[in-house]
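The values are calculated or read from the model by the stated rules, or taken from the named source; none is laboratory data. Computed from a prediction, not measured in an experiment: that's the story for all the values here. A quick note on method: Cβ atoms are made from the backbone with ideal geometry, for glycine too, and the neighbour counts reach across all protein chains shown. Calculation scope for accessible area: heavy atoms of the full protein, side chains included, ligands and nucleic acids excluded. Shrake-Rupley method; radii C 1.70, N 1.55, O 1.52, S 1.80 Å.
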Amino acid sequence: METGLEQTLQDGKLLRQVNAFIVAHLRDHNLNQAATAVASATMTPLNVEAPPNKLLDLVSKGLAVERDEAAKGISPASLFDSATGIPAGYGSVPAPPINAIDFSAVQDTKGSSKSFPKHETRHVSEHKNVARCARFSPDGRFVATGSTDTSIKLFEILKVKQMMLPDARDGPVRPVIRTFYDHLQPINDLDFHPQTTVLISGAKDHTIKFFDFSKTVAKRAFRVIQDTHNVRSVSFHPSGEFLLAGTDHPIAHLYDINTFQCYLSSNVQETNANGAINQVRYSSSGGMYVTASKDGAIRVWDGVTSQCVRSITGAHGSTEATSASFTKDQRYVLSCGKDSAAKLWEVGSGRLVKQYLGAVHTQLRCQAVFNETEEFVLSIDEPSNEIIIWDALTAEKVARWPSNHIGPPRWIEHSPTEAAFVSCGSDRSVRFWKEIL
């Protein structure tokens with residue numbers, strides 16, 4: 001009898017906790033009417049405290065455990081029939097802690113900008129044609145670049161750093177550890193699988209290709225998705241079970257990586273999307289994804305239903321939105337466009353929170369990115385061929401550095417784990433930048 005009572009009390013406590021997370025989740029995403037209704041029905045305080053996105057994080061972790069149990073000990077790598085030889089510890093490095101900055105809480109912040117640390121840079125390799133895109137692995141140990149010459153280069157960051165030492169004792173260091181040739185047209189975007197040594201690429205030849213970089217001799221893809229359009233952008237779901245493709249079609253294509261089945265949102269007409277997708281990125285929990293479109297809009301989508309939940313039309317005026325990505329706490333989206341502005345948007349309300357101005361980018365598919373702590377924003381000034389850095393909170397320019405490329409960089413990508421980034425140029429070169437310690 002006592003055991004049954006104890007179980008009932010435990011169940012009640014768990015239910016109250018779940019209700020609290022639901023109310024906090026709805027409230028924090030500005031779904032106030034729904035939050036009030038749930039709070040009233042469950043007798044939960046509307047002002048209940050909970051860490052940001054706690055519900056999404058718990059659901060994501062629970063689904064991951066469920067998948068692991070269903071697999072009965074089968075490694076995620078087996079989904080790809082990947083051979084052994086995976087670099088030791090790949091995918092096991094924990095994500096850096098979320099240093100969530102509450103951008104909305106700071107009003108008058110002028111005069112309090114932080115200084116961006118000095119960096120040194122080095123030309124680390126070059127393609128045979130324009131270097132168009134780059135992506136770091138989630139653990140920051142690798143970076144891949146894609147080119148108009150249809151090749152993909154994979155760099156090991158440790159070797160890049162060894163290459164930059166003033167006196168390398170063991171002769172020249174070769175930081176490029178793999179080169180893949182399997183596309184017929186230029187590479188547009190890349191992404192790493194979150195747990196396994198799989199790299200994907202999206203290209204103008206309408207394909208998404210899967211490469212296993214644990215194999216030292218493999219030059220070609222071991223799996224291919226044939227899309228119907230030019231694949232402009234790719235993004236893995238944090239679980240690794242799905243991927244998104246942003247294409248010339250106005251709606252992102254969602255693929256199950258085990259079956260290759262493609263899914264499309266059912267509310268296509270309601271979104272009024274009529275432009276190709278320049279970039280698509282998942283949030284850290286996979287609960288949402290964001291698209292930056294040629295029609296100038298930034299759109300936030302539900303990661304489960306693929307329904308558009310927030311459409312910011314004219315986010316960059318009548319010009320293209322060229323990049324968009326979530327902050328680590330998933331409360332904001334940083335976007336960039338051909339109106340020469342980088343902008344920070346609140347996901348819940350669609351409100352413009354910050355603008356980062358003073359860098360001209362009207363021609364290229366420009367990126368605006370956070371550094372690893374989200375204290376700074378980096379982008380490109382095309383006329384001066386410089387890299388511009390702003391304090392993320394004050395939106396004041398704190399640095400402008402010569403890019404050392406011949407012509408403006410085509411892409412900038414920051415490491416998720418340390419003070420380092422790469423730039424890719426029309427001059428075919430790939431440059432690595434790291435903080436001077």
Identify all residues within region 317-336 that are of a type outside the set (Gly, Ala, Ser) and closer than 24 Å to Glu375 by Cβ; write none if there are none.
-> Thr322, Phe326, Thr327, Lys328, Asp329, Gln330, Arg331, Tyr332, Val333, Leu334, Cys336
Taking only region 379-396 into account, find how many residues are within 21 Å of Glu346 (Cβ to Cβ) and either of a type in the set (A, V, I, L, M) or touching a helix residue (DSSP H, G or I) at 6+ places or on another chain (Cβ under 9 Å) (or both).
-> 3
Would region 224-234 turn up any residue that is of a type in the set (A, V, I, L, M, F, W, C), touching a Lys or Arg at 6+ places or on another chain (Cβ under 7 Å), assigned to a loop (DSSP other than H, G, I, E, B) and open to solvent by 20 Å² or more (accessible area, probe 1.4 Å)?
-> no
Tally time: how many residues in region 108-156 are aliphatic (A, V, I, L, M) and touching a Pro at 6+ places or on another chain (Cβ under 6 Å)?
-> 1
Restricting to region 3-47, what's the tally of residues that are polar (S, T, N, Q), modelled with pLDDT of 75 or more and part of a helix (DSSP H, G or I)?
-> 5
Taking region 343-359, which residues are among the aromatic types (Phe, Trp, Tyr) and over 23 Å from Arg400 (Cβ atoms)?
-> Trp345
Kindly establish whether Leu55 is at pLDDT 75 or above, surrounded by 13 or more Cβ atoms within 10 Å (Cβ to Cβ) and of a type outside the set (Phe, Trp, Tyr).
-> yes
Among the candidates Thr313, Thr305, which residue alone is more than 15 Å from the chain's Cα centre (by Cα), open to solvent by 40 Å² or more (accessible area, probe 1.4 Å), β-branched (Val, Ile, Thr) and at pLDDT 90 or above?
-> Thr313
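For Lys128, state whether it is among the basic types (Lys, Arg), under 23 Å from Val217 (Cβ atoms), in contact (Cβ under 8 Å) with a residue 12 or more places away in the chain and touching a strand residue (DSSP E or B) at 6+ places or on another chain (Cβ under 8 Å).
Taking the combined requirement at face value, the residue satisfies it.
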